[in-house]
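Presented below is the structure to which this report refers.
The values are calculated or read from the model by the stated rules, or taken from the named source; none is laboratory data. It should be emphasised that the depicted structure is a prediction, and the values quoted were computed from it without experimental measurement. Glycine gets a Cβ as well: all are built from the backbone with ideal geometry, and neighbour counts include every protein chain shown. Surface accessibility is based on the protein's heavy atoms, side chains included, excluding ligands, DNA and RNA. Shrake-Rupley method; radii C 1.70, N 1.55, O 1.52, S 1.80 Å.
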Amino acid sequence: MAKPIILTLDDEVPVSDAIERDLRAHFGRAYRIMKSTLPADALDVLRRLRERNDEVALLLVDQRMPEMEGTEFLLEAMTVYPEARRVLLTAYADTPAAITAINEIGLDHYLMKPWGPAEENLYPILDELLDDWNHSVEHPYDGIRVAGTLWSPDSHHVKDFLARSQIPYRWLDIERDDAARAEVDALLGEGQSSRKLPVVFFPDGSNLVAPSLTQLADHVGQSTEASEDFYDVIVIGAGPAGLAAAVYGASEGLRTLLIEKETTGGQAGTSSRIENYLGFPKGISGVDLARRATTQAARLGAEILTAQEVDSLEVTETTRSVRLNDGRTVNAHALVIATGVSVRTLDAPGIAELTGAGIYYGAAQTEAANYRGEDVFVVGGANSAGQAAMHFSRFAGQVTMLVRGESLDLSMSQYLIDQISATDNIDVWVRSEVSGAHGGETGLEAIDVTNRDSGETKTVPAAALFLFIGARPHADFADGLIQRTAAGFIPTGPDLDGSEASWPLDRNPFLLETNVPGIFAVGDVRDGVVRRVASAVGQGSTAISMVHQYLKTV
């Protein structure tokens with residue numbers, strides 16, 4: 001963290017130099033000493049320091065300056081750094097002004113010039129003031145800060161991206177933090193914040209206003225542009241299957257590019273705890289598993305692009321091309337599609353309007369702590385819903401699971417059922433579904449829950465609603481080229497429709513190969529798979545052996 005600043009202001013250059021010399025000798029190790037001879041310049045410096053989130057501990061200002069008196073300067077400076085200690089340098093005749101300033105601007109002290117010897121007349125006074133400042137001021141977080149509102153969908157997306165990327169940040173709710181609102185208003189103009197959120201402040205003083213994920217990824221140092229035009233294999237999607245393919249591809253010497261539309265981890269990356277993955281007896285969070293796999297892939301030489309979405313695929317006799325949504329094209333000998341699935345959306349009154357403002361698809365772990373002590377609802381009866389309910393139970397006052405079926409036994413692992421049964425603040429309502437949502441300017445307030453047997457609907461207060469209601473495959477970019485089922489999943493190998501038009505070569509397709517030779521599908525996007533992390537990892541690694549076999553034919 002950068003050292004706090006002591007700023008001096010005196011229009012007489014010899015006096016300014018003497019102040020700087022004495023301050024640097026005594027305070028230089030713990031503080032940055034800055035000086036100015038012009039009040040306007042000093043105010044500009046303070047504003048820039050505030051934009052960079054630097055700390056100013058003390059202002060030492062001469063009273064008599066032709067451009068602006070010291071008391072006037074301090075009055076202006078207080079609007080930028082109200083917590084800084086304020087000291088006037090005065091001549092004997094300025095004493096009445098200094099005394100008046102104590103009452104009017106909260107002046108902390110005034111010093112008569114000349115102040116020597118500094119060991120007696122300067123240092124003890126400033127030591128006491130700085131000690132008081134250190135113990136009374138909340139020191140700023142020296143990292144990325146995200147300013148927005150709890151009910152802003154765009155704020156949620158930025159927080160979720162940073163959290164899943166394991167990039168530390170501090171959340172600033174401008175509806176609850178007056179200082180954060182003032183900082184945003186100073187940047188955007190008063191009254192503009194509601195239309196331009198979130199604002200992301202970086203430690204170097206830069207900022208992004210309502211950034212896209214690509215802009216954000218680029219700014220935090222993630223790669224968003226391929227370094228080469230041609231690769232041996234391009235893996236689309238960085239969930240467990242895609243990460244496994246990248247690890248094995250890179251480790252076996254293939255020039256490997258991994259492309260992910262958000263951040264690595266996929267749907268598994270949102271899981272609060274995966275407890276049935278081999279080798280982790282205490283379980284592992286999806287974020288941690290993704291981080292380890294991402295590091296492993298990068299260490300072995302895979303190139304990873306994040307916040308880049310594939311728009312379409314193109315095929316020639318020997319080349320498989322990926323067109324990104326920014327218009328750029330990357331080419332390879334082979335492709336592995338590992339784009340997985342996403343939670344289906346719920347079509348009920350009020351849901352769309354409140355999505356991201358109290359209603360979330362998936363686990364949304366970044367939001368859990370915001371609902372401490374509140375009533376939250378989880379819709380779904382599979383493992384992902386159960387894992388989320390267990391995670392939210394650590395924060396929420398009450399977690400209620402809404403399950404369409406007769407019980408959890410039909411779709412959830414027994415270990416999760418046992419955990420849920422043993423958790424006092426989790427209730428399970430079976431044969432229940434959400435039929436509507438209600439809210440206001442502050443987001444979700446209540447939901448309508450309908451019993452599927454009786455048809456009775458009741459409205460219950462709800463602070464948050466988390467939806468896990470089935471899977472929709474991510475493969476629209478392959479439409480017109482890759483064979484898909486009616487539900488949108490990709491068949492491979494022996495599951496292709498068998499017609500001559502569906503397979504152009506004399507040889508049989510490999511087990512994970514689509515109807516287009518050299519394009520493979522793995523993980524949850526593939527038709528008929530067991531949707532477990534271990535299964536996805538196995539398919540991702542196996543696909544690379546098939547890529548090797550394919551490359552021998554081209």
(request) Could you give the size of the charge dipole of the range 91-133 about its Cα centre, using +1 on the Cβ of each K and R and -1 on the Cβ of each D and E, expressed in debye and rounded to the nearest 20? (result) 280 debye
(request) Would you mind telling me the antiparallel percentage of the DSSP bridges in the chain, rounded to 5? (result) 35 percent
(request) Work out, step by step, the length gained on full extension between Arg328 and Gln549: first 0.36 nm times the residue separation, then minus their alpha carbon distance; give nm to one decimal. (result) 76.7 nm
(request) Describe numerically, in nm with one decimal, the distance between label points set 7 Å from Cα along Cα→Cβ at Glu190 and at Met112. (result) 4.3 nm
(message) Residues of the range 77-121 with backbone nitrogen within less than 17 Å of a virtual label 7 Å along the Cα-to-Cβ line of Val13, please, listed as ranges.
(response) none
(request) Using a 1.4 angstrom probe on the protein heavy atoms only, line up Thr263, Thr345, Thr95, Thr457 by accessible area, largest first. (result) Thr345, Thr457, Thr95, Thr263
(message) Starting from the 7 Å offset along Cα-to-Cβ, what nm value, one decimal, do you get for the label separation of Glu76 and Val460?
(response) 5.9 nm
(request) Apply 1/(1 + (r/R0)^6) to the Cβ-Cβ distance of Arg452 and Glu83, taking R0 = 41 Å, and write down the FRET efficiency to the nearest 0.05. (result) 0.10
(request) Take peptides 392-401, 534-543, 235-244 and line them up by average Cβ neighbours within 10 Å, highest first, as a rough protection proxy. (result) 235-244, 534-543, 392-401
(request) Mind jotting down a quarter of the surface of the convex hull over the alpha carbons of the range 204-329, in square nanometres, one decimal? (result) 9.7 nm²
(request) With a ≥ b ≥ c taken as the square roots of the eigenvalues of the C-alpha gyration tensor of the chain, please select rounded if a/c is under 1.5 and otherwise prolate if a/b is larger than b/c or oblate if it is not? (result) prolate
(request) Would you please give the FRET efficiency between Ser407 and Asn276, computed as 1/(1 + (r/R0)^6) with r the Cβ-Cβ distance and R0 = 22 Å, to the nearest 0.05? (result) 0.65
(message) Compute, for the chain, the length of the dipole vector about the Cα centre, with Cβ point charges of +1 (Lys, Arg) and -1 (Asp, Glu) only. Units Debye, rounded to 20.
(response) 1920 debye
(request) Convert 4 °C to kelvin, take the viscosity as 1.567 mPa s, use the Kirkwood radius over C-alpha pairs of the range 359-518 as Rh, and evaluate the Stokes-Einstein diffusion coefficient in µm²/s, rounded to a whole number. (result) 71 µm²/s
(message) Quick check on packing: order 465-476, 275-286 by the mean number of other C-beta atoms within 10 Å, highest mean leading.
(response) 465-476, 275-286
(request) Find which of Ala186, Leu122, Ser165 sits farthest along the positive direction of the dipole of the range 60-196, computed with +1 on the beta-carbon of Lys and Arg, -1 on that of Asp and Glu, about the Cα centre. (result) Ser165
(request) Return the calculated 222 nm mean residue ellipticity for the chain, to the nearest 500 deg cm²/dmol, obtained by summing -39500 (n - 2.57) across DSSP H runs with n ≥ 4 and dividing by the residue count. (result) -9000 deg cm²/dmol
(request) List the extent of the Cα atoms of the range 431-554 along each of their three principal axes, largest first, rounded to whole Å. (result) 62, 28, 27
(message) For a protection proxy built on the mean count of beta-carbon atoms within 10 angstrom, sort 54-60, 410-416 highest first, please.
(response) 54-60, 410-416
(message) Using +1 at the C-beta of Lys and Arg and -1 at the C-beta of Asp and Glu, which of His438, Ala307, Ala25 has the Cα lying farthest in the positive direction of the dipole of the chain?
(response) Ala307
(request) Post the alpha-carbon centroid distance, the range 495-547 to the range 309-325, in whole angstrom. (result) 18 Å
(request) Report the antiparallel proportion of the DSSP beta bridges in the range 5-78 as a percent, rounded to a multiple of 5. (result) 0 percent
(message) Please state the shape class of the range 390-478: rounded when a/c is under 1.5, otherwise prolate if a/b exceeds b/c and oblate if not, all from the C-alpha gyration tensor.
(response) rounded
(message) List residues of the range 364-406, by number, whose backbone nitrogen lies under 13 Å from a label position 7 Å along Cα→C-beta of Arg431.
(response) 403-406
(request) For Arg394 paired with His438, estimate the spin-label separation in nm (one decimal), with each label point 7 Å from Cα along the Cα-to-Cβ line. (result) 3.4 nm
(request) Please say if the range 35-155 is rounded, prolate or oblate, where rounded means a/c under 1.5 for a ≥ b ≥ c the square roots of the C-alpha gyration tensor eigenvalues, and otherwise the choice is prolate for a/b larger than b/c and oblate otherwise? (result) prolate
(request) Please work out the ratio of the alpha-carbon Rg of the range 485-554 to 2.2 N^0.38 Å and round it to two decimals. (result) 1.09
(request) Give me the number: length gained by fully extending Glu104 to Ala348, i.e. 0.36 nm times residue separation minus the C-alpha to C-alpha distance, one decimal in nm. (result) 82.0 nm
